[in-house]
Amino acid sequence: MTGDGTRVAHAGLPDPVPGQPFLPGPVFAAPYHLDPVAGPQPGTPGYGRPDNPTRVALEAAIGELEGGECVAFASGMAAIAAVFQVCGRNGSVVVPSDGYFAGRALAEQMLPSVRYAPTAGPAPDFAGVSLVLLESPANPGLDMCDLPALSAAAHAAGALVAVDNTTATPLGQRPLDLGADVSVASGTKALAGHSDVLIGYVATRDAGLAEKFRSWRALGGAIPGPFEAWLVHRSMGTLDLRLARQSTNAAAVAEVLAAHPAVVSVRWPGRPADPAYDLARKQLRRVPGVVTFTLADKAAVDRFLTASTLIAAATSFGGLHTTADRREQWGDDVSPGLVRLSCGIEDEADLVADLQAALKAV
Ligand SMILES: Cc1ncc(COP(=O)(O)O)c(C=O)c1O
């Protein structure tokens, strides 16, 4: 297999044609010209909701990285909604109690029966379950779970397994290789990486499931626009470089945080002292740039964010700028002092110096 940098730089690109760009620009079309007599033809785009070549190129790129067939959606939530719709309506659905909060809220609205389980376990009994949604590492707590073991247990009970791969990205983790039926993600985060676009996707090796996802998207209409699809494809080419810098920055940041007396706790699965370290070494091809830490209270976080000149207060994560988010303000059931810090691609020395100054102000 070629290296990650080579793969992302070339993923989904057409064969070279003299005079043509490396990545063709977005195709903007609601209807396409039809043959006036023959009408719609298989393999020829007819209407923009089911058919768009820019989106198809992005799906080829993500599919190569995830190792399955990709169906892109308008956002990560639209992709999760598709997973619930296609895989979760014939029995209970197990969702992480500590994963992205909107996933739980959506499950409650969409599904007949929802059960909760913490990412770090213990795993529940999967009898009567149609779908197990796992999120590893989980946002924002960064706990992890054993994907092959849980997939095997869920399959033995007749359930499908979907893994939210947002935080890891397909370069950091390949859920389909680890036993999952579906990898689902928000590409809004590190995959696109520039804090300027929302997108989501599912990937699967099951052709029947892929067809159901495409059919649901064509009917439900949650398609990414062509400009968004193009922007994500263009941005993905640097994913390997961005993740590498974010991960080394996170390693340095986690050490500074762990050593500081004002910091109550730190989570980063790449630290040997972290409870998820052993799983991270087994399952992650690289550790993400997100570090979660806890200060005493909201006032301490206010002082931290006000004193920093480099760390922007912003939600979301995975972008090229370092950002920090006090998660309780969005309704996450966490301590008021919990901060999800997303390391950007700034120079490590600058970031560490800024972090140390901000911690001093705490
Ligand atoms: C783990 C996870 N999954 C899904 C989503 C939803 O993604 P989007 O905002 O693109 O709809 C998010 C957003 O923060 C997330 O963190």
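Out of all the residues in the stretch 43-61, is one or more within 16 Å of the ligand (Cβ to nearest atom), in contact (Cβ under 8 Å) with a residue 40 or more places away in the chain and open to solvent by 50 Å² or more (accessible area, probe 1.4 Å)?
no
Give the stretch 312-339 a look and list any residue that's open to solvent by less than 10 Å² (accessible area, probe 1.4 Å) and away from the ligand (no atom under 13 Å from the Cβ), or say none.
Across the stretch 312-339, the qualifying residues are Thr322, Ala324, Gly337, Val339.
Between a residue in the stretch 95-112 that is aromatic (Phe, Trp, Tyr) and any residue that is open to solvent by 50 Å² or more (accessible area, probe 1.4 Å) and outside any helix (DSSP H, G or I), which pairs come within a Cβ distance under 8 Å, given they are 6 or more apart or on different chains?
Phe101/Gly331; Phe101/Asp333
Please work out which one of (1) away from the ligand (no atom under 16 Å from the Cβ); (2) under 12 Å from Asp164 (Cβ atoms) is the condition Pro124 fails and give its number.
Evaluating Pro124 over (1) away from the ligand (no atom under 16 Å from the Cβ); (2) under 12 Å from Asp164 (Cβ atoms) leaves (2) as the failure.
Residue-by-condition table, conditions (1) open to solvent by less than 40 Å² (accessible area, probe 1.4 Å); (2) away from the ligand (no atom under 14 Å from the Cβ); (3) not small (Gly, Ala, Ser):
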| site | (1), (2), (3) |
| --- | --- |
| Gly67 | yes, yes, no |
| Ala72 | yes, no, no |
| Ser75 | yes, no, no |
| Val83 | yes, no, yes |
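Which of the residues that make up the stretch 208-239 are more than 18 Å from the chain's Cα centre (by Cα) and of a type in the set (Asp, Glu)?
Glu211
Output the number of the condition that Phe101 fails; it satisfies all remaining conditions of (1) touching a strand residue (DSSP E or B) at 6+ places or on another chain (Cβ under 8 Å); (2) within 16 Å of the ligand (Cβ to nearest atom); (3) among the aromatic types (Phe, Trp, Tyr).
All conditions are met except number (1).
Go through (1) surrounded by 16 or more Cβ atoms within 10 Å (Cβ to Cβ); (2) in a loop (DSSP other than H, G, I, E, B); (3) more than 16 Å from the ligand (Cβ to nearest atom); (4) of a type outside the set (A, V, I, L, M) one by one and return the number of the condition Phe22 breaks.
(1)
Any residue at all in the stretch 136-153 that is within 16 Å of the chain's Cα centre (by Cα), open to solvent by 20 Å² or more (accessible area, probe 1.4 Å) and away from the ligand (no atom under 15 Å from the Cβ)?
No, the stretch 136-153 contains no residue that is within 16 Å of the chain's Cα centre (by Cα), open to solvent by 20 Å² or more (accessible area, probe 1.4 Å) and away from the ligand (no atom under 15 Å from the Cβ).
What number of residues within the stretch 313-358 are part of a strand (DSSP E or B) and of a type outside the set (Gly, Ala, Ser)?
Qualifying residue count, the stretch 313-358: 7.
Anything in the stretch 340-361 that is away from the ligand (no atom under 16 Å from the Cβ), small (Gly, Ala, Ser) and in contact (Cβ under 8 Å) with a residue 40 or more places away in the chain? List them, or say none.
Of everything in the stretch 340-361, those that are away from the ligand (no atom under 16 Å from the Cβ), small (Gly, Ala, Ser) and in contact (Cβ under 8 Å) with a residue 40 or more places away in the chain turn out to be Gly344, Ala357, Ala358, Ala361.
Does any residue in the stretch 323-339 that is over 20 Å from Leu257 (Cα atoms) come within less than 8 Å, Cβ to Cβ, of a residue that is at pLDDT below 95 and open to solvent by 40 Å² or more (accessible area, probe 1.4 Å) six or more places away or on a different chain, and which pairs are these?
Final answer for the pair search is none.
Starting from the stretch 240-251, keep only residues that are among the β-branched types (Val, Ile, Thr), then list their pairs with residues that are assigned to a helix (DSSP H, G or I) whose Cβ atoms are within a distance under 8 Å, requiring at least 6 positions of separation or different chains.
Sorted first by the residue in the stretch 240-251, then by its partner, the pairs are Thr248/Glu348.
The values are calculated or read from the model by the stated rules, or taken from the named source; none is laboratory data. Values in this document were obtained by computation on a predicted structure and should not be read as measured data. Virtual Cβ from ideal backbone geometry, glycine too; neighbours counted across all protein chains shown. The protein model used for the area step is the full one, side chains on, heavy atoms only, and it has no ligands, DNA or RNA in it. Shrake-Rupley method; radii C 1.70, N 1.55, O 1.52, S 1.80 Å.
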